[in-house]
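Below is one structure, written out as structure tokens, with a few remarks after it.
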Amino acid sequence: MRRILILLQIIISATFGYSQDSSSVSMITNRPGATEASTAVYKGGFQIEASLEYGKIPERKGTSDHSEYLFLPSFGLLYGVSENVELRVFAVNYATRSNLNGGYTQFVYNLSDVFIGTKINLLKSKGLVPELALIINQGFPSNPSNVRKQWPTTATFAWSYSLPANFGLSGNLGYINEKEVFDQNVTFDHGWLYTLNLGYAIKDDVGVFVEIFGEDNMNDDSPIPLVVNGGAWYRFNPKLQIDASAGYGFEVGNYYFNVGMSLLILK
């Protein structure tokens with residue numbers, strides 16, 4: 001814990017130092033929530049987005065048998081290569097365990113697929129036209145010993161509107177194509193994702209949000225998933241933000257808690 005506090009102190013101190021040289025710039029972050037921002041990272045800026053998450057997923061809705069997971073942490077690095085394009089890398093360290101018939105298994109630690117991608121600004125907001133960006137992410141298997149390897153590809157449109165009285169409305173709509181190789185057999189799954197986010201800035205440095213989102217597999221007849229999410233964020237300065245959120249999934253009765261931070265470093 002002491003090391004974590006020292007690290008946070010160093011990050012805060014460094015961020016205040018950067019803000020003295022570029023105080024007019026404020027980050028636009030993808031956190032909190034599932035909705036990706038509709039604006040790429042500032043040109044020449046590095047942005048770090050990281051979080052810790054705990055989740056509980058029933059084996060079947062209404063049963064006491066369940067699995068738990070920890071993200072330790074999820075981590076993203078974004079870089080603005082131009083005024084309209086960012087490059088991005090995301091990875092998640094995670095641990096899972098199960099509770100079956102009243103007994104817990106041991107946590108199993110792993111590294112999920114690594115995602116490399118880009119975000120491209122397409123439109124600026126004007127009247128009824130929203131701010132719009134295209135996000136493309138390509139996943140790569142990170143565990144060579146895993147016999148089941150996946151290469152998920154996502155293409156997502158991220159949009160947003162600035163509303164009166166410090167409100168904001170944003171959302172994502174995307175397509176998922178997942179190639180999987182298992183025991184020399186190759187299969188393809190197709191799906192789509194959606195998010196809808198309503199945010200409110202209480203002050204310039206404090207805000208709250210509510211959100212719905214889900215991912216649906218086109219290869220089966222399961223109902224469209226619905227997850228309700230909400231939380232708050234606080235900015236120490238224009239380049240350092242912390243946040244907390246929680247969500248509940250109606251399809252299987254799962255829930256989760258998430259805390260995270262975003263840090264923008266400019267040249």
Applying the selection to the stretch 80-104, what residues are open to solvent by 60 Å² or more (accessible area, probe 1.4 Å) and either within 16 Å of the chain's Cα centre (by Cα) or touching a residue at least 60 places away in the same chain (Cβ under 8 Å) (or both)? 87, 89, 93, 94
Enumeration of residues in the stretch 149-166 that are modelled with pLDDT of 95 or more and aromatic (Phe, Trp, Tyr): 157, 159, 161
List the strands (runs of 3 or more DSSP E) that sit entirely inside the stretch 71-157 and contain at least 2 residues that are more than 26 Å from residue 192 (Cα to Cα). 85-100, 108-111
Considering the stretch 235-245 alone, what residues qualify as being surrounded by 16 or more Cβ atoms within 10 Å (Cβ to Cβ) and under 16 Å from residue 71 (Cα atoms)? 243, 245
Out of the stretch 115-132, which residues are open to solvent by less than 40 Å² (accessible area, probe 1.4 Å) and either at pLDDT below 95 or among the aliphatic types (A, V, I, L, M) (or both)? 132
Filter the stretch 105-139 for residues that are of a type in the set (Gly, Ala, Ser) and without any contact (Cβ under 8 Å) to a residue 24 or more places away in the chain and give the result. 127
Of the residues 252, 228, which is without any contact (Cβ under 8 Å) to a residue 40 or more places away in the chain, of a type in the set (A, V, I, L, M, F, W, C) and over 14 Å from residue 31 (Cβ atoms)? 228
Among residues belonging to the stretch 66-118 that are among the charged types (D, E, K, R) and in contact with a Ser or Thr (Cβ under 8 Å, 6 or more places away or on another chain), point out the one that is nearest to residue 134 (Cα to Cα). 86
Given the structure, is residue 103 of a type outside the set (A, V, I, L, M, F, W, C) and on the phi > 0 side of the Ramachandran plot? no
Here the residues within the stretch 167-188 that are modelled with pLDDT of 95 or more and either within 15 Å of the chain's Cα centre (by Cα) or not in a strand (DSSP E or B) (or both) are 170, 171, 172, 173, 174
Give the number of residues within the stretch 246-255 that are modelled with pLDDT of 95 or more and crowded, with 18+ Cβ neighbours inside 10 Å. 1
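The values are calculated or read from the model by the stated rules, or taken from the named source; none is laboratory data. The structure displayed is predicted, hence computed values, not measured ones. A quick note on method: Cβ atoms are made from the backbone with ideal geometry, for glycine too, and the neighbour counts reach across all protein chains shown. Please note that ligands, DNA and RNA were not included when accessible areas were found on the heavy atoms of the full protein model with its side chains. Shrake-Rupley method; radii C 1.70, N 1.55, O 1.52, S 1.80 Å.
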